[in-house]
Amino acid sequence: MQASQLSSYQKWSILIGASVMLSLSMGMRQSFGLFQPSILHDTQITSADFSLATAIQNIMWGITQPFVGMFADRYGSRYVMLIGVLVYILGLVTMIFATTALSFTFGCGICVGIALSCTASSMSMTVSARAVSAAKRSVTMGAISAAGSIGLVIASPLAQTLISTSGWQIALVGFIGLACVMLPSAFSAGKADKIEIDKADDVNQSLGAVVQSALGHSGYVIMALAFFVCGLQLVFITTHMPNYLAICGLDPSLGATALALVGLFNVFGSYAFGWLGGRYPKQLLLGGIYIVRSLAIAVYFVLPATPTSTLIFAAVMGSLWLGVVPLVNGLVAQLFGLRYMATLTGIAFLSHQVGSFIGAWGSGLIFDRLGSYDLAWKGAVIIGLIAGSFQMLMNVRPPKAKNELAGALPEAA
């Protein structure tokens, strides 16, 4: 079946399933920082332990993503996504009963990390890209990313309310309920496995040949390396902002409000960048996101933290949050087609998760050693400005083999 042959019901069931799955998996994951103060108070887990578990979660997500992508490209996405949801639930259950760093790391770090590689942006973008034409691909992926941020608007207030009224364990039980909603969503999104790839989006090469071509393509390598800063900046904020606000003497509920605001503004930002990516050079938009994010971080941490400055910062960061997802996935499809999209985005995502590991664990280590986050945010700003500049200069010409077989895709270069 071709994408053009899908009925409206079939197309929307795939896209809505992908949106709900992405929304809830990322919404819960980005709210884990809200649990840090209560878990540190009630267990033997320290701030460094919590940061290390979060860092391992991100590196496990990155390490497993290429292999999950290869499996999905070869055997289909549905089973990958369904198994991922079950592993997510296992991780949440383990976190509820965790009292030591080792058990908490297994649940929050290893289980949730593996689950995210099966349920988050790579899988949702892969299935949604197959369900629409090339002309609508960028804006569709932007819309999926936008819808995906709604989960943060739901998960963050839910977590904060339950933590305040019933305790952090009950809040995780609430997250298990959200994870159960992901099961039918994953099944529905998996219908994309039946869609045949158009010749214009395909390459007549083996997986190994395409991966070798990508690793030898200067533009892809620069994009993957620049993706590092995206993970570093975002995970630093989601993991350590609640603790930073507490240090500044601000109300703990402000952290939940800020994260919810990030999710709300990401709805508009992701859709906007998806729309812009179909009309303007994606590499310029992507580099611009990294640079503006870096400047926003610099301004926020230089000025005294107040409720107003925190909410403004959250709104700005939210506008730039997941807008990178349709742009990175769009560039991969533009350069190499759809056949091995999950694999190639997974390899690039490994760089992102190395940055996430450093943003979570490194920032916690800096705080434990120096008593402040100054060195952490300064490093995030400097690296972000460098990465954004290089990203804007990336080579966006498809490799010779793809040009010969199909030509460039009909989207803006």
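Maximal additional length on extending the Phe97-Ser218 stretch stands at 38.9 nm, based on 0.36 nm per residue less the C-alpha distance. Sorting the Cα pairs of region 1-194 by distance into bins of 10 Å, from 0 upward, gives 10, 37, 32, 15, 5, 1 percent per bin.
Between 0 and 90 degrees, the angle of helix 47-75 with respect to the longest Cα principal axis of the chain falls at about 20 degrees. Comparing Cα centroids, region 325-401 and region 203-267 end up 7 angstrom apart. For region 167-184, the Karplus equation 6.51 cos²θ - 1.76 cosθ + 1.60, evaluated at θ = phi - 60°, returns couplings of x, 5, 5, 5, 4, 5, 4, x, 5, 4, x, 5, 5, 5, 5, 5, 4, x Hz by residue, with Gly and Pro reported as x. Applying the Kirkwood pairwise sum to the alpha-carbon positions of the chain produces a hydrodynamic radius of 20.9 angstrom. Determine which residues of region 2-39 fall in the zone a paramagnetic label at Val181 would reach in this model, i.e. backbone nitrogen under 16 Å from the point 7 Å along Cα→Cβ. Within reach of a label on Val181, which here means backbone N under 16 Å from a point 7 Å along Cα→Cβ, region 2-39 contributes 16-31.
Would you please give the FRET efficiency between Leu303 and Leu375, computed as 1/(1 + (r/R0)^6) with r the Cβ-Cβ distance and R0 = 25 Å, to the nearest 0.05?
Working: r = 18 Å, r/R0 = 0.71.
The pair Leu303/Leu375 has a calculated efficiency of 0.90.
Taking only protein heavy atoms and a 1.4 Å probe, the accessible area of region 1-194 is 71% carbon and sulfur.
The alpha carbons of region 293-357 stretch over 49, 22, 15 Å along the principal axes, in descending order. Holding the Cα-Cα limit at 29 Å, pick out from Lys282/Lys400; Lys136/Lys400; Lys136/Lys378 the pairs that are longer than that. Check vs 29 Å cut-off fails for Lys136/Lys378.
In whole angstrom, region 1-42 maps to an equivalent ellipsoid with semi-axes of 39, 7, 5, each derived as √(5λ) from the alpha carbon gyration tensor and ordered largest first. Distance from the alpha carbon centroid of region 273-289 to that of region 108-156 works out to 18 angstrom. Each eigenvalue of the Cα gyration tensor of region 209-398, multiplied by 5 and square-rooted, gives one semi-axis; in descending order these are 31, 18, 13 Å.
Fully extending the segment from Ser8 to Trp275 would add 94.0 nm, taking 0.36 nm per residue of separation and subtracting the current Cα-Cα distance. If R0 equals 41 Å, the separation of the Cβ atoms of Thr46 and Asn395 corresponds to a calculated FRET efficiency of about 0.35.
The values are calculated or read from the model by the stated rules, or taken from the named source; none is laboratory data. Because the structure is predicted, anything quoted here is derived from the model rather than measured. Cβ coordinates were reconstructed from backbone atoms using ideal geometry, including for glycine residues, and neighbour counts include every protein chain displayed. Calculation scope for accessible area: heavy atoms of the full protein, side chains included, ligands and nucleic acids excluded. Shrake-Rupley method; radii C 1.70, N 1.55, O 1.52, S 1.80 Å.
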